[in-house]
Amino acid sequence: MMLIEVFTPRGALTGERRLEAGERLLTEVTAHDGTPPEILEAARSLWHVVFVEPDAWMNGVGALSPDEPPRFFVRVTLPSDGTSITHEVRADYVARITRALALTGDDRERFQREPHVAVHIVEIPEGSFGTLGRAMRTADIVKLATAAAGTPRPATPVEPGADTATDPVCGMTVALDDTAILLTRDGRTYAFCGDPCRQVFAEQLAARSGPTH
């Protein structure tokens, strides 16, 4: 459901280096502190990495050559509910992808000095992506990942005075600061890593006992 397309001049990377770079990219985009390993593994299965080597590639100064140090154009396609892809999230993807591709060469700092990794983030609005023969919401992607991870997680409410809480849907550790995403039901408050997890949990509660507030 999530796609990374890596464009590089034909012949710039060997097949082995493409596989290594693809593995690093998958690791970078799915690595989130405080998320259970089974959830990360399930989320990883929903990502795709594709390497594209055009027959011809030019920029403003001429044709690119495989004899030059590799350069990359990366397009990241992500589902978005309009709130989940923030400026901070975009900046994090750019940093992670640049870091992963820097390891394709011996000079690990080159892409901090030279603008030879360009990252474009494309956000796909709700209902404009799908699988299983139907259009999907961002919350549906969360359901796919959590279902693939196995046993549902216990719904642990926020403890009084706590600094963190556990997202009852994905199991991520959530900081209880001013930006925390919360839901209160029957006197208990729950914290979430994002609106999609909150939506999934609200739907689960509604299915059991009526609408949430």
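The values are calculated or read from the model by the stated rules, or taken from the named source; none is laboratory data. Model, not experiment: these values are computed from the prediction. Cβ placement follows ideal geometry from the backbone for every residue including glycine, while neighbour counts extend to all protein chains displayed.
For the stretch 9-32, a residue qualifies if it is of a type in the set (Lys, Arg) and part of a helix (DSSP H, G or I), and the qualifying residues are ARG17, ARG18, ARG24. One residue alone among THR98, THR27 is outside the structural domain of PRO168 (by TED's automatic domain parsing) and either over 20 Å from ARG10 (Cα atoms) or surrounded by fewer than 17 Cβ atoms within 10 Å (Cβ to Cβ) (or both), and that residue is THR27. Filtering the stretch 3-20 to residues that are modelled with pLDDT under 95 and surrounded by 19 or more Cβ atoms within 10 Å (Cβ to Cβ) leaves THR8, PRO9, ALA12, LEU13. Can you confirm whether the stretch 89-101 contains a residue that is without any contact (Cβ under 8 Å) to a residue 24 or more places away in the chain and more than 16 Å from THR30 (Cα to Cα)? No, the stretch 89-101 contains no residue that is without any contact (Cβ under 8 Å) to a residue 24 or more places away in the chain and more than 16 Å from THR30 (Cα to Cα).
For beta carbons closer than 6 Å, sequence separation of 6+ or different chains, a first residue in the stretch 1-29 that is more than 30 Å from ASP140 (Cβ to Cβ) and a second that is of a type outside the set (D, E, K, R) and modelled with pLDDT of 95 or more, the qualifying pairs are ARG18/PHE51. Could you please let me know if THR35 is part of a loop (DSSP other than H, G, I, E, B), in contact with a Pro (Cβ under 8 Å, 6 or more places away or on another chain), surrounded by 14 or more Cβ atoms within 10 Å (Cβ to Cβ) and touching a residue at least 60 places away in the same chain (Cβ under 8 Å)? It is false that THR35 is part of a loop (DSSP other than H, G, I, E, B), in contact with a Pro (Cβ under 8 Å, 6 or more places away or on another chain), surrounded by 14 or more Cβ atoms within 10 Å (Cβ to Cβ) and touching a residue at least 60 places away in the same chain (Cβ under 8 Å).
If only residues of the stretch 102-122 that are aliphatic (A, V, I, L, M) and touching a residue at least 40 places away in the same chain (Cβ under 8 Å) are counted, the one that is farthest from THR77 (Cα to Cα) is LEU103. The set of residues from the stretch 87-121 being over 12 Å from the mean Cα position of the chain (by Cα) and of a type in the set (Val, Ile, Thr) comprises THR98, THR104, VAL117, VAL119. Taking the stretch 175-194 as the range and being in contact with an Asp or Glu (Cβ under 7 Å, 6 or more places away or on another chain) and either buried (at least 22 other Cβ atoms within 10 Å of the Cβ) or modelled with pLDDT under 90 (or both) as the test, the residues that pass are ALA191, PHE192, CYS193. Against the condition exposed (fewer than 13 other Cβ atoms within 10 Å of the Cβ) and out of contact with any helix residue (DSSP H, G or I) (no Cβ under 6 Å at 6 or more places or on another chain), how does GLY127 come out, does it pass? Against the criterion (exposed (fewer than 13 other Cβ atoms within 10 Å of the Cβ) and out of contact with any helix residue (DSSP H, G or I) (no Cβ under 6 Å at 6 or more places or on another chain)), GLY127 qualifies. One residue alone among PRO157, PRO152 is under 22 Å from ASP195 (Cβ atoms) and surrounded by fewer than 13 Cβ atoms within 10 Å (Cβ to Cβ), and that residue is PRO152. Applying the criterion of being of a type in the set (Ser, Thr, Tyr) and assigned to a loop (DSSP other than H, G, I, E, B) to the residues of the stretch 56-105, the residue that is modelled with the lowest pLDDT is SER65.
Taking the numbered list (1) touching a residue at least 40 places away in the same chain (Cβ under 8 Å); (2) under 30 Å from THR164 (Cβ atoms); (3) among the polar types (S, T, N, Q) in turn, SER65 passes all entries but (2).
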